[in-house]
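The values are calculated or read from the model by the stated rules, or taken from the named source; none is laboratory data. For clarity, every value in this text was computed on a predicted model and none was experimentally measured. Using ideal geometry, Cβ is built from the backbone for each residue, glycine included, and neighbour counts are taken over all protein chains shown. Side chains are part of the model used for accessible areas, which takes the heavy atoms of the whole protein and leaves out ligands, DNA and RNA. Shrake-Rupley method; radii C 1.70, N 1.55, O 1.52, S 1.80 Å.
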Amino acid sequence: MIVGVMGAMPEEIEPILDKLDNVKRHEVADNIYYTALYGSLDLVIAYSKIGKVFSALTAATMIERFGVRKMLFSGVAGAINPELRIGDLIAATKLCQHDLEITAFGHPYGYVPEGKVFVEADARMLEIAASAAHKTGIKLKRGVIATGDQFVADTRRKEWIGETFGADALEMEGASVAVVCDAWDVPFFVLRAISDAADMDAGFDFDTFLKSSAKKSADFLFAILDELDQAK
Ligand code: ADE
C-alpha cells in the first residue's frame, strides 16, 4: 500500500525521515518528496509549506503523481478546547475551513456551493489510531479541527472559531488536505500535537514547543504506521 505522510514544516517531517533508511528524494512541482519502505508500506513523505494552498498542492501531487492511497498528516496545532494542553495529541474527526466565507449570499461560514462545511476523516483510520494509542499507552483525543490561512494569536478569534464550528483545535493545512483526499476518495487522517493555545502567547509558545510537539506527533504516527502495517 502506498501511504502519504505529510507535514507542513520541515520540523514536522524531520523526525519521520530520521527513522527511515534508504530514503530517496524526488523533486516535483517545486517541492521535494521522499520515498522509503516501512515494513510492507511504501511511504511518500513531504512537507508542503504552510497554508491551505501549498498543502492542497502537495496532497494532490502525492495522490496523482505518487499513487498515494492513504494519507496521514502529522504536525502541530493551536488549542481551542481548554482541556487540550501543550503536547497533547488530537486526531481530527472532521475538519472545516474557518476562513472560507460567503455569508453575504446567505451561506453558513465555511461553506461554498458544491462543497461542505465539514469533511470527515476516515473512520477506519480513527479506529486504527485508537488501537495504536491503546497498545502504546498514549493518550489520544479526538475532536474537530478548523483550518485557515492565518496563525491565530487572538483569544476572541479563537473563541469565535470554537463557537462557530464546534472546533477543538486549529491549524493551517488539515482541511485543505481533507478536501483533496475526499475528492479523490483517499482515506485520510490528521494528527496534531498542541504547540500553543492560539492566544496572545501563541507566537512565543509556538516557537518554544514546535519541535517537541512535532516530534510527539511524529512518534505517534509511527505507532499508527505499525498498526497499519499489521492490519493489511
Ligand atoms: N498551528 C499551531 N498553532 C497555530 C495557531 N495558533 N494558529 C494557526 N496554526 C497553528
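Residues that are away from the ligand (no atom under 16 Å from the Cβ), more than 23 Å from ILE138 (Cβ to Cβ), open to solvent by 30 Å² or more (accessible area, probe 1.4 Å) and not charged (D, E, K, R) within the stretch 170-205 comprise VAL179, ALA183, TRP184, listed in sequence order.
Return the total of residues in the stretch 86-119 being outside any loop (DSSP other than H, G, I, E, B) and in contact (Cβ under 8 Å) with a residue 24 or more places away in the chain. Number of matching residues: 10. As a summary of the residue check, LEU41 satisfies the conditions (1) hydrophobic (A, V, I, L, M, F, W, C); (2) closer than 21 Å to ARG192 by Cβ; (3) touching a helix residue (DSSP H, G or I) at 6+ places or on another chain (Cβ under 9 Å) except for the one numbered (2).
Of note, SER213 does not satisfy the criterion of being near the ligand (Cβ under 9 Å from one of its atoms) and not in a helix (DSSP H, G or I). State whether the residues of the stretch 50-58 include one that is within 27 Å of ALA123 (Cα to Cα), free of Cβ contacts under 8 Å to residues at least 40 places away in the same chain and under 16 Å from the mean Cα position of the chain (by Cα). Scanning the stretch 50-58 turns up at least one residue that is within 27 Å of ALA123 (Cα to Cα), free of Cβ contacts under 8 Å to residues at least 40 places away in the same chain and under 16 Å from the mean Cα position of the chain (by Cα).
The residue that is nearest to the chain's Cα centre (by Cα), counting only those in the stretch 132-188 that are without any contact (Cβ under 8 Å) to a residue 12 or more places away in the chain and in a helix (DSSP H, G or I), is ALA183. Any idea how many residues of the stretch 120-159 are surrounded by fewer than 16 Cβ atoms within 10 Å (Cβ to Cβ) and of a type in the set (A, V, I, L, M, F, W, C)? Residues meeting the conditions: 3.
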